[in-house]
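> Mind looking over this structure? Questions follow.
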Amino acid sequence: MDERILVLAPRGRDAPVIAETLAGLGHHTVICADLPVLTRALQEGAGAAILTEEALAQDATETLNAWLSAQPPWSDFPFIVLVTKQAGKRARADADRLQAMGNIVLLERPINAETLVSAAASALRARRRQYRARDQLTDQAKAEAQLRFALDAGHLGAWDLDLDSRGLTTSQQTKAHFGRAADEPLTLDDIEAAVHPQDAARRLAALETSIAEGGDYDVEYRVTWPDGSLHWLQVRGRLNLHTPGQARRMSGVILDVTDAKTAEAALRAMNETLERRVTESVRELQHSNARLLEEIGEREQAQAALVQAQKMDAIGQLTGGIAHDFNNLLTAIVGNIDMIERRSDDPRVQRMAANAREGVERATKLTAQLLAFSRSQQLDLQPVEVDALITGMGDLLARTLGHTVEIRTDLRAGAARANADPNQLELAILNLAINARDAMSDGGTVTIASRTADGWREGLKPGYYVVITVADTGHGIPADLLQKVFDPFFTTKSVGKGTGLGLSQVYGIATQSGGTVRVESTVNVGTTIQVWLPVSDAAERLRPSDAPSSETPLSQGERVLVVDDDPGVRQFIVQCLRSLGYTVTEAAGGQAGLDRIATDRPDLMVVDFAMPGVNGAQVAADARKAFPTLAVLLVTGYADAQAIKDLVKSEAVLRKPFKVSDLAVSVRRALEEAARVLDYSP
Ligand SMILES: Nc1ncnc2c1ncn2[C@@H]1O[C@H](COP(=O)(O)OP(=O)(O)OP(=O)(O)O)[C@@H](O)[C@H]1O
Ligand SMILES: [Mg+2]
């Protein structure tokens, strides 16, 4: 259709001849009857048209002209017009009509076939060139449409900048990225005004680098839209160097990346929060770990203290038992020595008895230390001004420690009074000082200090304590022995030099009075021992005087029943009482004693507290129930005489070992007490 040649030559046989001639050369020809038919055929498509001038004049040419001016830009349809040679100039209207047709070739008649054929061929060639241009234009338009579609799909705005004139061309999308409508202008000045002040320098630097070095222009910056909102744009471009000699241009695309930036910022913030949380958690973890370790340490310490306390308790019970038995033996021995002294005037016997008594006294002292440790010794607890007590020991200490040891004191307890047994406390301090001296064979310094402190940190009952510290600069105690030094009989001293009971006694009196002992030592540096004693209550309990009367009270004819399971002790008591003039009967156990009361009718029952089966207090209570007027005297080797006194609600308690005079006084007092009870009873 595009290649056909239209022929309009209504007169004579012109048309068939032309058509035949061209068809003979392979052209496709179509003969048109008149101008409207030709115009319609043109609309359908044709490569060239051959027509006669008269045919143009015959019909109105408006439709043809309309078609001609409606041709697409690529089309300039070729016409070959056959004209008749004329004498003069062509009429004006005819000339205009031909002019309006544009691309025409005039052939004068008569025409030879050759001329016609070559004119037709060149017209077709021209038409084909137009077709190629048309195809190129179509391809270009298609490519452009595709590009535009792709840009739209990617929300990419396109832009083109004339670097010399600063002229800017932008797509609709680019304008949208700057918050402008399609019909609003967008100049380079507008863009520079919209860029965020903090980003302006960076944008300009990127642009200038790209222009100077020919590299890609790639920058992100913030812009403020006319409505005031802020947006992140990513802009990319490249120098357009395809047209040498022409203005330098840069073209590129632009994308709104606000969402990505917001997400990125949110992510960064989230990461930072996460990091902070992790750091916090780690810190918390470390904290609780440290606390846990601390607690473990504390628990281990408490555990060690508990083990030590349990050990000391067990040893205490053991030594207490031994000391108790020992005491019974000593009671019997001392009693018998007493009797020997009383019975004989022979000076040799007296001397031997005195030697024996000396030995017994040493044994008694040892037993007392053992009992002190095992808390079985009765302490004479009373408010003691510790500073005064230490000051009073000045001479004794100086003499005992000798010249090689310097004694320093740092007394700060002042008037604070500790709840202690002053004699035992003196002994304890003396022992600590001697231990210090023994640890400093080449001399050194002993510092005896006192102060007051709250005991709760030491695991003691809260409240004030007097702390006595004895520190030396001696050889110290190896760590593995530290736990052992309070054990009874633990000593590193040679036979005869130490018994290993000194610190046991210190431990005993401190714990028994409600305090404690602490030892710290560094080998070759020195040892510090602290004795904690509770501060005595302000309201000091007045204790009844235990002082024995100067003369030994004798019997006024009373009857006494002695109940003791230990034959040695029982025998001693019986003999003592008889020597004092009492009528005495005896029983070897609690039940036997109770049975004998009815038959023996005693005024007083002397009963040992610690007996197998029923204890002395129970025997006493049962006896009193049956015989309310019966006087009772309890004999005990235990420290807790006060507790026993409380238990039997009586002062009539005698501690072993005792002398005949002690027994005489106690018996008399028990008898008098019973008489008082009798007096007051209704
Ligand atoms: N200040 C000290 N420096 C170094 N070691 C000491 C010190 N005090 C005590 N010790 C050690 O503790 C042991 C026990 O002391 P403790 O006072 O109980 O008994 P002792 O001094 O050996 O004998 P005792 O005191 O009965 O005469 C001592 O043998 C010694 O090894
Ligand atoms: Mg000692």
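Every number in this text was worked out from the coordinates using simple rules, so none of it is lab data. Because the structure is predicted, anything quoted here is derived from the model rather than measured. Virtual Cβ from ideal backbone geometry, glycine too; neighbours counted across all protein chains shown.
> Each residue of the range 599-608 in turn: what ³J(HN,Hα) in whole Hz from Karplus with 6.51, -1.76, 1.60 and θ = phi - 60°, glycine and Pro shown as x?
For the range 599-608, the Karplus-derived couplings read 7, 7, 6, x, 7, 9, 10, 9, 10, 6 Hz, x marking Gly and Pro.
> First select every other residue whose beta carbon is under 12 angstrom from the beta carbon of Arg203; then total the charges, Lys and Arg +1, Asp and Glu -1. Could the numbers behind the result be given before it?
Numbers: positive: Arg202, Arg222; negative: Glu192, Asp199, Glu208, Asp218, Glu220.
Taking every other residue near Arg203 into account, the sum is -3.
> Please give the FRET efficiency for Arg166 paired with Thr138, using the beta carbon to beta carbon distance and R0 = 41 Å, rounded to the nearest 0.05.
So, using R0 = 41 Å, E works out to roughly 0.75.
> Remind me, relative contact order of the range 362-472 in percent, using alpha carbon pairs under 8 angstrom and six or more residues apart?
28 percent
> Something else: Once amide H atoms are placed 1.01 Å from N in the peptide plane, what residues at a sequence separation of 5 or more from Ala420, or on another chain, have their amide H within under 5 Å of its amide H?
Here Gln382, Val384 satisfy the definition.
> Can you report the principal axis dimensions of the range 262-361 using only the alpha carbons, biggest first, rounded to whole angstrom?
120, 19, 12 Å, listed from the longest principal axis down.
> Which of the peptides 324-336, 417-429 is most tightly packed, and how do the rest follow, judged by the mean count of other Cβ atoms within 10 Å per residue?
Numbers: 324-336: 19.8, 417-429: 21.8.
Answer by packing, highest mean first, reads 417-429, 324-336.
> Here is a further query. Between Thr409 and residues 5 or more places away or on another chain, which pairs have amide H atoms under 5 Å apart, with H built 1.01 Å from N, and which residues are they?
Residues meeting the criterion, in which the H sits 1.01 Å from N, are Ile448.
> With the Cα gyration tensor of the chain giving a ≥ b ≥ c as the square roots of its eigenvalues, does the rule (a/c under 1.5 for rounded; else a/b larger than b/c for prolate; else oblate) give rounded, prolate or oblate?
Taking the square roots of the gyration eigenvalues as a ≥ b ≥ c, the chain is prolate.
> Let me ask you something else. With just the Cα atoms defining each centre, how far is the range 582-607 from the range 430-500? Give it in Å.
If we compute the Cα centre of each part, the gap is 49 Å.
> Could you list the GluC sites (Glu not before Pro) in the range 190-261 that lie in coil according to DSSP, counting only those with at most 11 other Cβ atoms within 10 Å of their Cβ?
none
> Ranked from highest to lowest mean number of other Cβ atoms within 10 Å per residue, what is the order of the peptides 596-602, 555-561, 654-660?
654-660, 555-561, 596-602
> Relative to the Cα centre, what is the charge dipole magnitude of the range 5-150, using +1 at the beta carbon of each Lys and Arg, -1 at the beta carbon of each Asp and Glu, and rounding to the nearest 20 debye? Could you put the intermediate results ahead of the total?
Numbers: 17 positive and 16 negative charges, 67 e Å.
Dipole magnitude for the range 5-150 comes out near 320 debye.
> Additional query: Can you list the HN-Hα couplings for the range 322-338, worked out from phi with the Karplus curve (6.51, -1.76, 1.60; θ = phi - 60°), rounded to whole Hz and with x for Gly and Pro?
Result, ordered by residue: 4, 4, 4, 4, 4, 4, 4, 4, 5, 4, 5, 5, 4, x, 5, 4, 3 Hz.
> Per-residue ellipticity at 222 nm for the chain, helices alone: DSSP H runs ≥ 4 residues times -39500 (n - 2.57), over residue total, nearest 500 deg cm²/dmol?
Estimated from H runs of four or more residues: -16500 deg cm²/dmol.
> Let me ask you something else. Decide, for the range 1-58, between rounded, prolate and oblate: order the square roots of the alpha carbon gyration tensor eigenvalues as a ≥ b ≥ c, take rounded if a/c falls under 1.5, and otherwise choose prolate if a/b is larger than b/c, else oblate.
Oblate.
> Tabulate in residue order the Karplus-calculated ³J(HN,Hα) for the range 475-487, using 6.51 cos²θ - 1.76 cosθ + 1.60 with θ = phi - 60°, rounded to whole Hz; enter x for Gly and Pro.
Once θ is set to phi - 60°, the couplings for the range 475-487 become 6, x, 10, x, 4, 6, 9, 3, 6, 9, 4, 8, 5 Hz.
> Which net charge results for the neighbourhood of Pro78, defined as the other residues with beta-carbon distances under 11 angstrom from its beta-carbon, given Lys and Arg at +1 and Asp and Glu at -1?
Local charge sum for Pro78: +3.
> So if we plug the beta-carbon distance of Thr445 and Ile296 into 1/(1 + (r/R0)^6) with R0 = 51 Å, what FRET efficiency do we get, rounded to 0.05? Don't skip to the answer; put the middle values down first.
Numbers: r = 38 Å, r/R0 = 0.75.
The formula returns an efficiency of 0.85 here.
> Let me ask another. Give me the net charge of Thr447's neighbourhood, meaning all other residues with Cβ under 11 Å from the Cβ of Thr447; Lys, Arg count +1, Asp, Glu -1.
-2
> Could you list Thr400, Thr258 in order of exposure, starting from the residue whose Cβ has the fewest other Cβ atoms within 10 Å? List each step's numbers first, then the result.
Values: Thr400 14, Thr258 17.
Ascending Cβ contact count within 10 Å gives the list Thr400, Thr258.
> Just want the ordering: Phe178, Phe490, from fewest to most Cβ atoms lying within 10 Å of their own Cβ.
With the sparsest Cβ surroundings first, the list reads Phe490, Phe178.
> What list do you get for Val83, Val223 if you sort them by fewest beta carbons within 10 Å?
If I rank by nearby Cβ atoms, fewest first, I get Val83, Val223.
> Please work out whether the range 559-680 counts as rounded, prolate or oblate from its C-alpha gyration tensor, where a ≥ b ≥ c are the square roots of the eigenvalues and a/c under 1.5 means rounded, while otherwise a/b larger than b/c means prolate and anything else oblate?
Note, shape of the range 559-680 comes out rounded.
> Additional query: What is the distance in Å between the Cα centres of the range 1-75 and the range 216-230?
When both Cα centres are located, 60 Å separates them.
> Tell me which residues come under 5 Å, amide H to amide H, from Leu501 once H is placed; ignore anything under 5 positions away on its chain.
Sorted by chain and number, the residues that satisfy this are Phe489.
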